[in-house]
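Presented below is the structure to which this report refers.
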Amino acid sequence: MMSEADVYKQVLEKIDWLVAIAERKNWTITIAPFIDRPATLSEIDAIEKQIGKVLPDDLKKLFLFSRHLEFSYQFDETLSEEFRQNFSGDIYWNLNSLPDQLANFQEWVKASLDPEYNDTEAIINTEKLWQDKLPIIDVANGDVIVVGNNPSEVVYFSHEGDEMHGKILGNDLWSFLDFHSRIGFAGSEDWQLEPFFDFEQDIMVMHGDKVDRYAHLLEK
């Protein structure tokens with residue numbers, strides 16, 4: 001198992017790797033790499049007081065490496081039939097934007113609890129699954145990738161309840177970042193993550209031929 005520092009180092013290395021690929025293949029870098037300084041404990045404490053929640057330990061550790069990191073790219077080519085829906089990649093976290101992200105996420109959750117539009121079972125599942133989650137990535141299509149607390153599982157929240165809704169993308173934040181960086185931060189929209197999800201076993205396939213094949217297609 002990689003250490004947290006090693007995973008963070010890998011994230012930075014994969015960003016450099018993708019920038020080189022994008023330049024060589026004339027892909028569009030939609031957001032140039034931005035890697036901010038580490039957050040201070042007092043900054044984290046201030047955000048916790050503002051949102052009225054304690055951040056998961058793994059999320060705190062991530063902010064202590066960098067309080068704000070983002071990068072995204074996209075391309076027009078079709079990598080293969082297997083990955084025909086993949087056209088971009090992105091990575092994002094930002095301590096200072098967390099209050100606004102949480103407010104928006106809570107509005108989506110509130111809508112999912114409305115008995116006028118949701119049955120009792122769906123409401124119970126929503127309360128159980130989302131009550132202790134914090135957003136980390138706002139997806140372009142309106143969905144959200146969130147982080148839990150103890151364990152810091154990473155979960156996909158589809159505002160329209162699509163097939164990836166509620167699926168665990170990583171059993172903890174660091175295993176997700178390890179996997180996500182190795183697939184070039186494959187676009188955070190659900191359909192770009194679906195090729196890596198085994199719906200029969202209900203798990204994300206984080207290692208093996210498919211992951212290696214995708215990374216090779218990005219690079220070749």
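The values are calculated or read from the model by the stated rules, or taken from the named source; none is laboratory data. Small disclaimer: the values here were computed from a predicted structure and weren't measured. All Cβ positions, glycine included, derive from the backbone under ideal geometry; neighbour counts span all protein chains shown. Heavy atoms of the whole protein, side chains included, go into the accessibility calculation; ligands, DNA and RNA do not. Shrake-Rupley method; radii C 1.70, N 1.55, O 1.52, S 1.80 Å.
Enumerate the pairs (first residue in region 67-83 and at negative phi; second residue anywhere and basic (K, R)) with beta-carbon separation below 6 Å, excluding pairs fewer than 6 apart on the same chain, so at least 6 apart or on different chains.
T78/R84
Would a scan of region 113-136 turn up a residue that is closer than 25 Å to L218 by Cβ and not in a loop (DSSP other than H, G, I, E, B)?
Looking through region 113-136, at least one residue is closer than 25 Å to L218 by Cβ and not in a loop (DSSP other than H, G, I, E, B).
For region 171-189, which residues satisfy the criterion of being open to solvent by 10 Å² or more (accessible area, probe 1.4 Å) and either of a type in the set (A, V, I, L, M) or in a helix (DSSP H, G or I) (or both)?
Correct list: W174, S175, D178, R182.
For region 25-50, which residues satisfy the criterion of being of a type in the set (A, V, I, L, M) and either touching a residue at least 60 places away in the same chain (Cβ under 8 Å) or not in a helix (DSSP H, G or I) (or both)?
Once the filter is applied, which keeps residues that are of a type in the set (A, V, I, L, M) and either touching a residue at least 60 places away in the same chain (Cβ under 8 Å) or not in a helix (DSSP H, G or I) (or both), region 25-50 yields I29, I31, A32, I35, A39.
Looking only at region 148-160, count how many residues are open to solvent by less than 50 Å² (accessible area, probe 1.4 Å), part of a loop (DSSP other than H, G, I, E, B) and under 12 Å from T126 (Cα atoms). Quick ask: steps written out before the conclusion?
Start the filter on region 148-160 by keeping residues that are open to solvent by less than 50 Å² (accessible area, probe 1.4 Å), which leaves 148-149, 152-158.
Within this subset, residues satisfying the condition of being part of a loop (DSSP other than H, G, I, E, B) are 148-149, 152-153, 158.
Pick out the ones that are also under 12 Å from T126 (Cα atoms) and you get 158.
Qualifying residue count, region 148-160: 1.
Check Q201 against each of (1) surrounded by 15 or more Cβ atoms within 10 Å (Cβ to Cβ); (2) more than 19 Å from Q10 (Cβ to Cβ); (3) modelled with pLDDT of 95 or more; (4) not β-branched (V, I, T) and name the one condition it does not meet.
(1)
Is there any pair linking a residue in region 105-121 that is modelled with pLDDT of 70 or more to one that is assigned to a helix (DSSP H, G or I) and open to solvent by 60 Å² or more (accessible area, probe 1.4 Å), with Cβ under 6 Å and at least six apart or on different chains, and which?
Every condition considered, no pair remains.
For the structure I just gave you, tell me whether K9 is surrounded by 12 or more Cβ atoms within 10 Å (Cβ to Cβ) and touching a strand residue (DSSP E or B) at 6+ places or on another chain (Cβ under 9 Å).
Here the answer is no, as K9 does not meet what is asked.
Before we move on, is F65 open to solvent by less than 10 Å² (accessible area, probe 1.4 Å) and closer than 23 Å to N149 by Cβ?
In short, no.
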